[in-house]
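The values are calculated or read from the model by the stated rules, or taken from the named source; none is laboratory data. Keep in mind that this is a model prediction, so the values were computed, not measured. A quick note on method: Cβ atoms are made from the backbone with ideal geometry, for glycine too, and the neighbour counts reach across all protein chains shown.
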């Protein structure tokens, strides 16, 4: 297709769409029903023109113009509804509880899969304290000795508490 012929045939619809887009950008509620229908029809036609221009005239100014025009119209046609307080309230009053109820079986399964091994390991260690070395390995021996002496990892000398705090926070962030 010839560029001049393309411009001559299609420019009136682009100009009309640009008028409607400008009007809608100034006042979104100013477009009446027939104008909205026209904007939708023009949007489809101009996007088809853009596809044609990208294929046949990729380095021409008209392709950039059509791309910008379609982009401006797209934000008007497909924009979402603005968030309102009642939507947020509805989310927390109905949608979130419904989602929670829908996911409850999976949440319970995850909880049981977490709690059951912990209970079994805890009971095994309560019955036979040496079982901790089987569960955790020999590296736990130093910590077990500290706990048996009544020393906890939280008993940190006052002079090194800030450094220990930094170390603990860094570890927790990395984990």
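Couple of notes before you dig in:
- Tally of residues being free of Cβ contacts under 8 Å to residues at least 40 places away in the same chain, assigned to a loop (DSSP other than H, G, I, E, B) and surrounded by 11 or more Cβ atoms within 10 Å (Cβ to Cβ) across the range 1-36: 1
- Options 168, 173, 132: the member that is touching a helix residue (DSSP H, G or I) at 6+ places or on another chain (Cβ under 6 Å) and free of Cβ contacts under 8 Å to residues at least 40 places away in the same chain: 132
- Residue identified as under 32 Å from the mean Cα position of the chain (by Cα), modelled with pLDDT under 85, surrounded by 14 or more Cβ atoms within 10 Å (Cβ to Cβ) and part of a helix (DSSP H, G or I) among 39, 66: 39
- Pairs are defined by a Cβ separation below 8 Å, a sequence spacing of at least 6 or placement on different chains, a first member in the range 71-92 that is in contact (Cβ under 8 Å) with a residue 12 or more places away in the chain and at positive phi, and a second member that is surrounded by 11 or more Cβ atoms within 10 Å (Cβ to Cβ) and in a loop (DSSP other than H, G, I, E, B); no pair meets this definition.
- Filter pass, residue 152 being loosely packed, with under 10 Cβ neighbours inside 10 Å and in a loop (DSSP other than H, G, I, E, B): no
- Checking 134, 120, 147 one by one, the residue that is at pLDDT 95 or above and over 36 Å from the mean Cα position of the chain (by Cα) is 120 and no other.
- Of all the residues in the range 80-102, those that are touching a helix residue (DSSP H, G or I) at 6+ places or on another chain (Cβ under 9 Å) and closer than 25 Å to residue 40 by Cβ number 1.
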